[in-house]
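The values are calculated or read from the model by the stated rules, or taken from the named source; none is laboratory data. What you are looking at is a predicted structure, and each value in this text was computed from that prediction instead of being measured. Note: ideal-geometry Cβ built from the backbone for every residue, glycine included; neighbour counts use all protein chains shown. Each accessible area value is taken on the protein alone, full model and side chains, heavy atoms only, with ligands, DNA and RNA left out. Shrake-Rupley method; radii C 1.70, N 1.55, O 1.52, S 1.80 Å.
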Amino acid sequence: MLTGKLAALRESALAGIGAAASPEDLERVRVDVLGRKGALAQVSKDMGKIPPSERAAAGQLLNAVKLALEEALEAKQRGYAEAELRARLDAEWIDLTLPAPGPRPGSLHLITQLREEIEDLFVSMGFAVLDGPEVESEYYNFDALNIPADHPARDAQDTFWMTSGHLLRTHTSPVQVRGMERLGPPLRMIAPGRVFRNESIDASHEHTFYQLEGMMVDREISVAHLLYFMKTLLREIFHREATVRLRPGFFPFVEPGFELDIHCLICDGRGCAVCKQSGWVELMPCGLVHPNVLRYGGIDPEQWGGFAFGLGLTRLAMMRYGIDDIRQFQSGDLRFLRQF
Ligand code: DAH
């Protein structure tokens, strides 16, 4: 009776072990058969009910079945462990003889690329490329540009002031004065660089951005010269003839001063969201250098004249590539940067 039950239990448990399809399945079989309340525990409880003469043989059989099942379980568990290890070894296998992938080559920031392109163009037209300090004096940033202490233009530019009385330059125009001092007339210069404004930041305002200042001083400089160089610049940047217009604009360091508008490149002047349906986009303030500024630069305005312009490099990059959020430039986000 008990013998038959044990034999049947042994067969069904072995079948269960064989059929277990996962370590979890196997564990379930183990608990069912060998667990504290499992089938074998049940059988050993029933031992008390059989005649004492048969007990020794029955006990031996019980142990033998238990041992056989434990062995079968262990063997299968070992199989799982081995399979797992093999899978890991396969997955984590490394060919040490392969050449290392190496660091991914970097690339120039898109503003740098645009700056170099414009520098090359102006150098080919005889312009010098000048640099100026980012921490600037009040004199070069304002006074020498004909912006007196009480002039509203000083407040218009939200300035980062240092405790020393210096400031972070709010534009690249101070390099005009430094350039005149250094080169003397006649001169042609550009000055690309980083500028700072104490702005609250949003998609179209940044505290840090890039401008490119330009200046030419010679005899008899007129608006025609200014327009010629501006149109050449735009043709080279946008690879087509740009339609431009000049509107009067006020900047204390030029007289007359202009805003140079360009026919919207997105809609070709028909009107779209970028140009706010006007067909025109404000691109570059410019003008003829104010006699006071020439004087500050040590140049006699009776003898010499000049034009100057301030190109927003960051703005230009946004227009050229249709970038609608200025914060991307300083984000350091490689997904953005790798596109250029
Ligand atoms: N410095 C001016 C600004 O950042 C831009 C500017 C206007 C530059 C007129 C010029 C100019 O050279 O002639 O707002």
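Listing for the model above:
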| quantity | calculated |
| --- | --- |
| Residue identified as more than 26 Å from the chain's Cα centre (by Cα) and modelled with pLDDT under 90 among Arg245, Arg240, Arg188 | Arg240 |
| Of all residues in region 172-199 being away from the ligand (no atom under 12 Å from the Cβ) and open to solvent by less than 20 Å² (accessible area, probe 1.4 Å), the one that is farthest from Leu246 (Cα to Cα) | Gly184 |
| Pair list, Cβ < 7 Å and 6+ apart or interchain, from region 216-231 residues that are in the same structural domain as Ala308 (by TED's automatic domain parsing) to residues that are part of a helix (DSSP H, G or I) and among the aliphatic types (A, V, I, L, M) | Val217/Met180 |
| Matching option when the condition is within 12 Å of the ligand (Cβ to nearest atom) and among the polar types (S, T, N, Q), among Thr243, Thr314, Thr232 | Thr314 |
| Every residue from region 292-303 that is closer than 24 Å to Tyr228 by Cα, within 16 Å of the ligand (Cβ to nearest atom) and of a type outside the set (A, V, I, L, M) | Pro301 |
| Residue in region 159-167 that is farther than 13 Å from Asn141 by Cβ, more than 11 Å from the ligand (Cβ to nearest atom) and in contact with a Phe, Trp or Tyr (Cβ under 8 Å, 6 or more places away or on another chain) present | no |
| Filter result for the condition that a residue is over 25 Å from Ala128 (Cβ atoms) and in contact with a His (Cβ under 8 Å, 6 or more places away or on another chain), over Glu259, Glu255, Glu199, Glu241 | Glu199 |
| Region 275-291, subset in a strand (DSSP E or B) and within 11 Å of the ligand (Cβ to nearest atom), residue nearest to Pro174 (Cα to Cα) | Val289 |
| Residue list for region 200-227, filter: surrounded by fewer than 14 Cβ atoms within 10 Å (Cβ to Cβ) and either within 30 Å of Phe329 (Cα to Cα) or within 13 Å of the ligand (Cβ to nearest atom) (or both) | Ser200, Ile201, Asp202, Ala203, Ser204, His205 |
| Complete set of residues in region 26-38 that are farther than 16 Å from Arg78 by Cβ and open to solvent by 30 Å² or more (accessible area, probe 1.4 Å) | Arg28, Val31, Asp32, Leu34, Arg36, Lys37 |
| Residues within region 233-244 that are assigned to a helix (DSSP H, G or I) and open to solvent by 10 Å² or more (accessible area, probe 1.4 Å), tallied | 3 |
| Residues located in region 317-340, provided they are of a type in the set (A, V, I, L, M, F, W, C) and within 17 Å of Ala203 (Cβ to Cβ) | Ala317, Met318, Met319, Ile323, Ile326, Phe329, Phe336 |
| Qualifying residue in region 131-154 (condition: small (Gly, Ala, Ser), more than 27 Å from Ile323 (Cα to Cα) and outside the structural domain of Leu311 (by TED's automatic domain parsing)) | no |
| Matching residues, region 246-274, being within 16 Å of the ligand (Cβ to nearest atom), in contact (Cβ under 8 Å) with a residue 24 or more places away in the chain and in a loop (DSSP other than H, G, I, E, B) | Gly249, Phe251, Pro252, Phe253 |
| Members of region 213-230 found to be under 18 Å from Arg315 (Cβ atoms) and of a type in the set (Lys, Arg), listed by number | none |
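Residue by residue, here is whether (1) among the aliphatic types (A, V, I, L, M); (2) open to solvent by 60 Å² or more (accessible area, probe 1.4 Å) holds:
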site: Leu40; (1), (2): yes, no
site: Arg55; (1), (2): no, yes
site: Gly59; (1), (2): no, no
site: Glu70; (1), (2): no, yes
